[in-house]
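Notes follow the structure.
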Amino acid sequence: MQDTNHWLDRLLGRARLLRYKLFGRGPSDAEWEARVRRVVQDTVRTALPWIPHENACVLDIGANIGLFTEEILKHRPAAQVWMFEPVHSHHAACVRRFAANPRVRVEPFALGDRSFAGRIWKPKHNPGGNVIDEEIVERRRGYMDFRPEDIEVRVFDEYAREQGIERIDFIKSDTEGYDHRVLRGILPFLKRTGARPPIIAELLREDIHPEFASQTEVLEELYGLGYERVDLSGMQDVQDFLFLPRGAKPCA
């Protein structure tokens, strides 16, 4: 009986996925912006106390359609922001949104721990759930419909050397399971410059992250550089965490 029930559950799951592929639709641009803005505003409330009021240098990694940067600039209009968004349509939306602001630079590539030409996988129902790690994609194929897009991935430390970036005051990373690789590519910059910016990064729980051990190793390197340990017990499937250098105090 259990085998029969399991077979029926799998059959029903495949039927639902097929129906979604054939007839389902993702949110419109307006629907997506309204949905994202609600989530982003919570992230911004967490970030703002740690972003200087004057001339802050901010990284927005996995910028999507640019709402995090837009909300930050409402409160920190003098900030300089580097945005990284590899999905073509999202990058174009960011370029349009900040076309009149010379203090915002929008780059059309992802960040990671090595430079390569690869793919990002875009789920139809969630324009914010774009995944580079193909093992995560494979784990989700049973209930999500993905479309691939060719992208470029670069290493932040190499980019910073090219651009002459020596100071960063805040980092936000939201890359659907790729954040540990993003951070690994930032670590050489932190070691080289001595910068210790507060970081908001999205982490995945052990039972759903195929590279959880690697994620843990990167966090240990952060702690070794002087960041406070963060309690990850009881974390959600996917959750943002704030990493602060020891002794950090909120901006006045």
Qualifying positions in the range 134-165 - modelled with pLDDT of 95 or more and outside any strand (DSSP E or B): Phe156, Asp157, Glu158, Tyr159, Ala160, Arg161, Glu162, Gln163, Gly164, Ile165
Residues of the range 76-89 satisfying the condition of being in contact (Cβ under 8 Å) with a residue 40 or more places away in the chain and either acidic (Asp, Glu) or not in a loop (DSSP other than H, G, I, E, B) (or both): Trp82, His88
Search result, residues across the range 109-122 that are buried (at least 18 other Cβ atoms within 10 Å of the Cβ) and either touching a residue at least 40 places away in the same chain (Cβ under 8 Å) or more than 24 Å from Asp60 (Cβ to Cβ) (or both): Ala110, Leu111, Gly112, Asp113
Boolean, Val106 is at pLDDT 95 or above, touching a His at 6+ places or on another chain (Cβ under 9 Å), part of a helix (DSSP H, G or I) and buried (at least 18 other Cβ atoms within 10 Å of the Cβ): no
Count of the range 37-71 residues which are over 13 Å from the mean Cα position of the chain (by Cα) and under 15 Å from Leu242 (Cβ atoms): 10
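A quick yes/no check of all residues on (1) basic (Lys, Arg); (2) loosely packed, with under 15 Cβ neighbours inside 10 Å:
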| position | (1), (2) |
| --- | --- |
| Ile171 | no, no |
| His180 | no, no |
| Arg196 | yes, no |
| Ile208 | no, yes |
| Leu222 | no, no |
| Glu228 | no, yes |
| Ser233 | no, yes |
| Val238 | no, no |
Hits in the range 114-133 - residues which are outside any strand (DSSP E or B), farther than 16 Å from His88 by Cβ and modelled with pLDDT of 90 or more: Arg114, Ser115, Asp133
Per-region count, the range 186-208, residues touching a residue at least 12 places away in the same chain (Cβ under 8 Å) and over 19 Å from Arg114 (Cβ atoms): 12
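This table checks each residue for (1) at pLDDT 55 or above; (2) in a loop (DSSP other than H, G, I, E, B); (3) surrounded by 20 or more Cβ atoms within 10 Å (Cβ to Cβ).
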| position | (1), (2), (3) |
| --- | --- |
| Trp7 | yes, no, no |
| Leu11 | no, no, no |
| Tyr20 | no, no, no |
| Ala34 | yes, no, no |
| Val39 | yes, no, no |
| Thr43 | yes, no, no |
| Ala47 | yes, no, yes |
| Leu59 | yes, no, yes |
| Lys74 | yes, no, no |
Search result, residues across the range 194-247 that are closer than 18 Å to Asp169 by Cβ and small (Gly, Ala, Ser): Gly194, Ala195, Ala201, Gly226, Gly247
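Among the residues of the range 90-103, which ones are assigned to a loop (DSSP other than H, G, I, E, B) and not basic (Lys, Arg)?
Scanning the range 90-103 gives Phe98, Ala99, Ala100, Asn101, Pro102.
The values are calculated or read from the model by the stated rules, or taken from the named source; none is laboratory data. Computed from a predicted model, the values in this text were never measured in an experiment. When we count neighbours, we look across all protein chains shown, and the Cβ atoms used for this are built from the backbone with ideal geometry, even at glycine.
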